[in-house]
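Following this message is one structure expressed as structure tokens.
The values are calculated or read from the model by the stated rules, or taken from the named source; none is laboratory data. These numbers were taken from a predicted model, which means no experiment stands behind them. Cβ atoms come from the backbone with ideal geometry, glycine included; neighbour counts cover every protein chain shown. Side chains included, ligands, DNA and RNA excluded: accessible areas come from the protein's heavy atoms. Shrake-Rupley method; radii C 1.70, N 1.55, O 1.52, S 1.80 Å.
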Amino acid sequence: MKLTTKGRYAVTAMLDLAIHASDKPISLADISERQVISLSYLEQLFSKLRRQGLVQSVRGPGGGYCLSREAENIFVAQVIDAVNEAVDATGCRGTENCQAGKMCLTHHLWTDLSNQIHSFLSDISLADLVSQGEIQAHAQRQIEQANTAEFLNFVSE
């Protein structure tokens, strides 16, 4: 089973947004810097996330994105689905032409596994992830690194 970069980056960016959620929107540039994801790639992902109602955009100075609802009500599977990513363990991407144009013996096994994975991800909210200690520690390290880099840039000017 392989989840492509699109799905991984979408979940990572949404988790970043959930961690840094506050009264003000979060810019994609900030997410890009913290998560080392191309800004243009994030723009593409957030366009899809916005169309699916998972985020809201705020225009103008100080604009950016915020979650459209509480992190408890946004699930990992919804994020993956929003960016048109399939959780698929079959070798044929569900087309049933895995073996010389016909369905292989194990097609239903891999389809069932795909469904189980999607179900598993449907039970994990962004809030569940935010509450994990190691994620909080990692987010704090990212903030400290950004602050250090900002300070060093200021000092060198």
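What value does segment 26-157 have for Rg/Rh, both radii from Cα atoms and Rh as Kirkwood defines it?
1.10
Okay, moving on. In whole Hz, what ³J(HN,Hα) sequence does segment 117-129 give by Karplus (6.51, -1.76, 1.60; θ = phi - 60°), x for Gly and Pro?
Working through the residues one at a time gives 5, 4, 5, 4, 5, 6, 9, 10, 8, 4, 4, 4, 5 Hz.
Go ahead and run the numbers for FRET between residue 96 and residue 124, Cβ-Cβ distance against an R0 of 22 Å, rounding to 0.05. Provide the component values of the computation, followed by the final result.
Details: r = 29 Å, r/R0 = 1.32.
FRET efficiency, residue 96 to residue 124: 0.15.
Now a separate question. Please list the equivalent ellipsoid semi-axes of segment 1-78, computed as the square roots of five times the alpha-carbon gyration tensor eigenvalues, in descending order and whole angstrom.
Details: eigenvalues 68, 44, 25 Å².
They are 18, 15, 11 Å, listed largest first.
Can you give me the accessible area per residue for the chain, using a 1.4 Å probe, in Å²?
With the other protein chains kept in place, the chain gives 62 Å² per residue.
Could you derive backbone 3J(HN,Hα) for segment 70-77 from the dihedral phi with the Karplus parameters 6.51, -1.76 and 1.60 (θ = phi - 60°), listing whole Hz in sequence and x where the residue is Gly or Pro?
Result, rounded to whole Hz: 4, 4, 5, 10, 10, 10, 3, 4.
Just how far, in whole angstrom, is segment 62-140 from segment 11-49 if you go by their alpha carbon centroids?
Measuring centre to centre over Cα atoms gives 18 Å.
How large is ³J(HN,Hα), in whole Hz, for each residue of segment 95-110 in order, when computed from phi with the Karplus curve 6.51 cos²θ - 1.76 cosθ + 1.60 and θ = phi - 60°, using x for Gly and Pro?
Using θ = phi - 60°, the values come out as 7, 6, 10, 6, 10, 6, x, 10, 5, 7, 4, 9, 3, 5, 4, 5 Hz.
Between residue 27 and residue 112, how many nm apart are label points set 7 Å from Cα along the C-beta direction?
For residue 27 paired with residue 112, the spin-label model returns 5.1 nm.
Carbon and sulfur together cover what percent of the accessible area of the chain at a 1.4 Å probe radius? If you can, show how the numbers build up before the last one.
Values: 4990 of 9770 Å².
Within the chain, the accessible surface is 51 percent carbon and sulfur.
Can you give the extra length, in nm with one decimal, that the chain gains between residue 73 and residue 36 once fully stretched, where that is 0.36 nm per residue apart less the Cα-Cα distance?
Full-extension gain reported as 10.7 nm.
Got the relative contact order for the chain handy, in percent, Cα pairs under 8 Å and 6 or more residues apart?
Values: 179 pairs, mean separation 40.9, N = 157.
Relative CO of the chain lands at 26 percent.
Here is a further query. Suppose every Lys and Arg Cβ carries +1 and every Asp and Glu Cβ carries -1, with no other charges. What dipole size does segment 22-127 come out with about its Cα centre, to the nearest 20 debye? Don't skip to the end; give the middle numbers.
Numbers: 9 positive and 12 negative charges, 69 e Å.
Roughly 340 debye, rounded to the nearest 20.
With a point put 7 Å past each Cα toward its Cβ, work out how far residue 43 is from residue 145 in nm, to one decimal.
2.5
In addition: Would you calculate, for the chain, the mean residue ellipticity at 222 nm contributed by helices, counting each DSSP H stretch of 4 or more residues as -39,500 (n - 2.57) and dividing by all residues, to the nearest 500?
Working: 7 runs with 88 residues, N = 157.
The per-residue figure over the chain is -17500 deg cm²/dmol.
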